[in-house]
Structure formats: C-alpha cells, structure tokens
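Reading through the structure tokens given below for one structure.
Since every read-out is calculated from the coordinates, none of them should be taken as a lab result. From a predicted model like this one, the values you see are computed outputs, not experimental measurements. Cβ sites come from the backbone with ideal geometry, for glycine too, and all protein chains shown count toward neighbours.
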Amino acid sequence: MKQSFGEPTGKNRRRRAPGARRVEASDSFDGSILDDTSQNLSHSYDETTAEGNGSPRPAWGRGNPLSAARTICLRLLERRPRTAFELREAMAKKEIPEDVAEVMIARLVKAKLVDDAAFARGWVESRHRGKGLAKRNLSRELQQRGIPDHLIEEAIEDLPADKERDTAHELVRRRIARMAGLAPEVQTRRLLGFLARKGYGGEIAYGIVRQAVQEQSESDITQ
C-alpha cells in the first residue's frame, strides 16, 4: 500500500509516497490484535464510583481506555500514516494512561499499521521529490515527528548525494529564470538564501549558484 502524508482533495490531490500503511475501509487485517482485552490493564472509568469520590471524568471519556486508545489511533491513521510518537502524543492529550498507550502502539506495530522505518523512507522520498528538501531539512522534519535517530540515518542514506545535487541544480535553474535583469550579486544572494531554506549547505550551494549566475550573465550578454 502506498503512503500519503497529507489529506489532499480535489485539485490539491498529490501523489502518494511509498511507505507505512494508511488505514482504509478496504483494508483487511487481524482486528483481534487491536481488540484483545487479555492484557492485564486495571484502568477504567466507572461513572457511579467516580461521582461518589469526586473524581473527574478523564478526557478519553468513560469505560475502557484501551477501546478509547484504539478509536483515537485508527481515526488518525485513516487520514494519513502516523509515527508512534505522533500517536503517543494524541493519546496523551486525551489522558490515556501511558501503559495503555504503549500496549496500543505495540498492537498497531504488530498489525503493520505503524512502521516508523517505512514512514521515514516515504517521507524522505516524498518531500525531496515534491519540495526539493535537502537531507538537513528532511532530518529535522523527521526528528520533529519523533522518528528515532538511527531510522532517520537509514532513511537519509537512501538519498544519494548526486541526486541531492541534481535536485539543487534543477531548483536553481527554475528559480534563476525569474531573475532576468537583476545584478549578478543580487541573483547570487537570493539563490543562496533559497537553497539554504531548503537545507542545502555551502558545499553544494556555492558551486551550483556560481555556475548558474555565470551562465545567466553570459546569456544576457548574447541576447
């Protein structure tokens, strides 16, 4: 199954990148993995007892928190793939007990509905192809989504240095086409800033920008 990192509709629909599974109505998997209640978890909310001792109702509602955790996670996974970290955060906001959350994460991993390694690979491929982001920015985005460092390194290694350089060349080629008439130093400054925002370091950016500005200047002279 292919991976989608957004919720596109209509004209804004994007290609899906390969990676971890997205839950869809047609999916078939062993639902008992998520529904199993044999785990020894004592958390529950009894409204009658709680009202008697003044305990507030937890954010996840009433009854079995494991069922609430299942609902929270599957609703999020219906929209797009999620990392284990993102699901833990969502359950924490609903005050799902930590041990219950870990049980649910383990079951989702077993059901192959959560796969941080596949998520990282799909994210790198999708964001580099679609946005032209360099390894530096891709690493930061994956860190923000709670992907472990070793999985980030593995995913980033799948992006060859020559492909990253080719992407930077293409970004500059398209960008400089809109800079006709600007002084070379202005073009250089703007292009370097543009690549820096994409995450490209000077070891890649300077040579590419210098060559592009020189070629643009020569083209302007001959016209």
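Miscellaneous remarks
- Dimensionless Rg ratio for segment 81-223, taking C-alpha atoms and the 2.2 N^0.38 Å reference: 1.42
- A P(r) calculated from all alpha carbon pairs of segment 60-164, with 10 Å bins opening at zero, reads 15, 42, 26, 13, 3, 0 percent.
- In terms of overall dimensions, the C-alpha atoms belonging to segment 161-222 reach 34, 18, 17 Å along their principal axes, ordered largest to smallest.
- Rounded to whole Hz, the Karplus (6.51, -1.76, 1.60) HN-Hα couplings of segment 94-106, x for glycine and proline: 8, 6, 5, x, 4, 5, 5, 4, 5, 4, 5, 4, 4
- Span from the segment 156-183 Cα centroid across to the segment 87-154 one, whole angstrom: 28 Å
- Relative packing of peptides 153-164, 193-204, 111-122, 174-185 - highest average C-beta neighbours within 10 Å first: 111-122, 193-204, 153-164, 174-185
- Working ranking of peptides 91-100, 64-73 by packing, defined as the average number of other Cβ atoms within 10 Å per residue, highest first, is 64-73, 91-100.
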